[in-house]
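Inspection log for the structure reproduced underneath, given as structure tokens.
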């Protein structure tokens, strides 16, 4: 029997087929022994006591957000083995890298994610719609961090008409989960008419954000009667809380932007609604005028002169056959028809106006809430200099300069002692 002879290409193709048929996505544990980067790609080797494995990660900067690997790190890499047919070399293509200690957390995360997915907690059909024009929101976060400042800054610039309730909570560590559960319960029990809840925290490692991967918190968010927006970590971080919430925001600042429309958007919407109502009314009136005109044309009123001149004989026969009483009856019938038509037009128009009365009333109340006087009524004030110019920046104030502060009721004249720049 003659021995089979393979070409290099045939052998390499068979090796590649064996690798692809026996391995899909796997997780490999090892220690990084070599590492270098070329442009957007990272090439490294992991080893154990008896073997080493060459690896590559394409566009590594977009995939590594929590830490940058270095030689000596014990890691878990997730990806797929690959054989380069042309060059005859083996390499492991990695999509994810995590420190070995975080590997157990990642396994737990995937297991809980699959369990809740199977139970339907992530289904879009269960997610509550955010109100278009919320009046009051609650923010659950740590009051000592920068997150709450970022959220309030965005809201003060874009949607200053919002009432904001802040519920302090730990956002990291073993006790954070119970804090978060209690915070959601407190907002529901307080009966303060909160329209939306924002749960927000800055970035961190998988371990730092682990409290947001708790099953109890997932069910608490799922069962909330108030829509919940989560903004946990960076845009590349995804927690169980993000998957089950009604809306996920990439960052806390984005959550503050999407929770409510800006004042400019509200004013634009009012213009659109006014124009829509105005066009609807004009179209209705025009349609009724056309309808009346068609009726008059169908009855030949615009051709009366033509009929009299060109159908004199016919008119005479009709004149002779119709008595004054019959003519009066016909006129009465037509008058009744016109009266009925007039009532229908009035009824239709009245119903339409009544239908939109509630909407217009809502818009009127909303405009009142945007009135600067009403905003000052809530405790805001405006500062003027001696030239009656509004002061927006402390850098425009001189020491010992006299200023006027306009309150909702009255004004105060003050003298500047000290300014603090922020």
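Just so you know, all these numbers are worked out from the coordinates, no wet-lab data involved. Because the structure is a prediction, the values reported are computed rather than measured.
How much mean residue ellipticity at 222 nm does the chain get from its helices, if each DSSP H run of length 4 or more adds -39500 (n - 2.57) and you divide by all residues, to the nearest 500 deg cm²/dmol?
Mean residue ellipticity at 222 nm (helix-derived): -14500 deg cm²/dmol.
Hey, how much of the P(r) for segment 368-422 falls beyond 13 Å, as a percent of Cα pairs? Please list the in-between numbers first.
Values: 930 of 1485 pairs.
So the pairs more than 13 Å apart make up 63 percent of the total in segment 368-422.
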Completion exercise
Within the set 132, 368, 386, GNM on the chain using Cα springs under 10 Å gives the largest fluctuation to 386
Fill in the blank from the handout: Candidates 87, 202, 120; GNM for the chain (alpha-carbon contacts under 10 Å) flags as most fluctuating 87
Handout entry: Projected area, mean over directions - segment 33-181, Cα convex hull, nm²
Key = 14.9 nm²
Handout entry: Among 379, 204, 233, residue whose mean-square fluctuation peaks in a GNM of the chain (springs only between Cα atoms under 10 Å)
Key = 379
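Can you tell me how segment 28-106 classifies by the Cα gyration tensor, rounded, prolate or oblate, using a/c under 1.5 as the rounded cut?
Cα axes put segment 28-106 in the oblate bin.
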Problem - Cα centroid of segment 236-281 to Cα centroid of segment 128-146, whole Å - result: 13 Å
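Give the Kirkwood hydrodynamic radius (Å, one decimal) of segment 108-242, defined as one over the mean of 1/r across all pairs of different Cα atoms. Provide the component values of the computation, followed by the final result.
Working: mean 1/r = 0.0647 Å⁻¹.
For segment 108-242, the Kirkwood estimate is 15.4 Å.
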Handout entry: Part-to-part distance (alpha-carbon centres) for segment 33-99 and segment 164-232, which is given in Å
Key = 36 Å
Problem - Compactness index (Cα Rg / 2.2 N^0.38 Å), the chain - result: 1.70
